[in-house]
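The values are calculated or read from the model by the stated rules, or taken from the named source; none is laboratory data. All values reported here derive from a predicted model rather than from experimental measurement. We place every Cβ from the backbone using ideal geometry, glycine too, and count neighbours over all the protein chains shown. We work out accessible area using only protein heavy atoms, side chains counted, and drop any ligands, DNA or RNA first. Shrake-Rupley method; radii C 1.70, N 1.55, O 1.52, S 1.80 Å.
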Amino acid sequence: MALTKTQIAEKSIEILNRDGIDGLTMRLLAKELNIKAASLYWHFADKRALFTEISELLCLALPLPEDGASPIEFLRAVFASFRTVLLSTKDSVIVFENSLPFTPKRMDIIRVAARAFTSLGVKQENLMTVSNMFNNHVLSFVADEQRFKSFSKEQTDSFAAGLLPEDIIVFTAPNDYDCRFMYGLQLLFRGL
């Protein structure tokens, strides 16, 4: 039976969660799928094409809220779900940053967000800028969250011990990532 793009993306996610982005090579992926590396190139022209398929598969797990919520509540729910999806896979931010968003589910998400932003008064000529600002908040927040959570307590304690008194205020944020994430969204919404 021939492998599908979805099966290859699913195996890629397994490798990402186990070995991270540096461990996801076409050679290792082919080996784990028990095929020749050249066979992967029949499905994907390059690693970016593979990343596009992985990102689409992850987006398929993103539930879109029901209509009826206010545009801000709707967008909060979409971005919170996007964060959850990103957190489900190690190095997913890198995958999204290196893939094109023109797959069906990603385009659905972009369209519903654009409609919500438009209903909040964002002009068409500003939609891309506004959308990118919110998208970048989610991506950069998750990248930081995953990075900080990867350090041991000893490493963070050692880092904190070396801070100057004037720097402590910047690095003493509470560890409630949910509240910090929503606070960032709140700031962006206020800017609208």
* Asked: Using the heavy atoms of the protein chains alone and a 1.4 angstrom probe, what is the accessible area of the chain per residue in square angstrom?
  -> 60 Å²
* Structure fact -> Ignoring chymotrypsin sites (Phe, Trp or Tyr not before Pro) buried by more than 16 other Cβ within 10 Å or outside DSSP loops, the longest site-free run in the chain is 1-101
* Residue-count net charge about V95 - beta-carbon cut-off 13 Å; Lys, Arg +1, Asp, Glu -1 -> -1
* Kyte-Doolittle cut-off 1.0, length cut-off 18 Å along the helix's own axis using Cα: show which whole DSSP H helices in the chain pass. => 71-87
* **Net charge of Cβ neighbours under 14 Å - reference V138; Lys, Arg +1; Asp, Glu -1** => 0
* **Loop-located trypsin sites (Lys or Arg not before Pro) in region 123-185 whose Cβ has at most 12 other Cβ within 10 Å (DSSP)** => K123
* Over the chain, with every protein chain in place, what whole percent of the accessible area is carbon and sulfur at 1.4 Å, could you tell me? => 57 percent
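Please give the FRET efficiency for E32 paired with D144, using the beta carbon to beta carbon distance and R0 = 30 Å, rounded to the nearest 0.05.
The value I calculate is 0.50.
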* By the scheme Lys and Arg +1, Asp and Glu -1, what is the net charge of all other residues having a beta-carbon under 10 Å from that of G23? -> -1
* To do: Find how much the distance from L192 to K123 grows on full extension, using 0.36 nm per residue of separation minus their present alpha carbon separation; answer in nm with one decimal.
  => 23.8 nm
* Pick out which of G20, G162, G121 has the largest mean-square fluctuation in a Gaussian network model of the chain, springs linking Cα atoms closer than 10 Å. => G162
* To do: Taking semi-axes √(5λ) of the Cα gyration tensor in Å as the quantity of interest, determine which of (1) 30, 20, 15; (2) 26, 23, 14; (3) 31, 26, 12 was computed from the displayed structure.
  => (3)
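If you take the square roots of the eigenvalues of the alpha-carbon gyration tensor of region 97-141 and sort them as a ≥ b ≥ c, do you get rounded (a/c under 1.5), prolate (a/b over b/c) or oblate?
oblate
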* Would you mind checking the pairs K11/K47; K36/K105; K31/K149 and listing those with alpha carbons more than 23 angstrom apart? => K36/K105; K31/K149
* Structure fact -> The aspartates and glutamates whose Cα lies under 15 Å from the Cα of K90, excluding any fewer than 8 residues away in the same chain, are E10, E14, D19, D22, D144, E145
* To do: Once you've got the GNM for the chain with C-alpha springs shorter than 10 Å, pick whichever of E166, E125, E56 has the biggest mean-square fluctuation.
  => E166
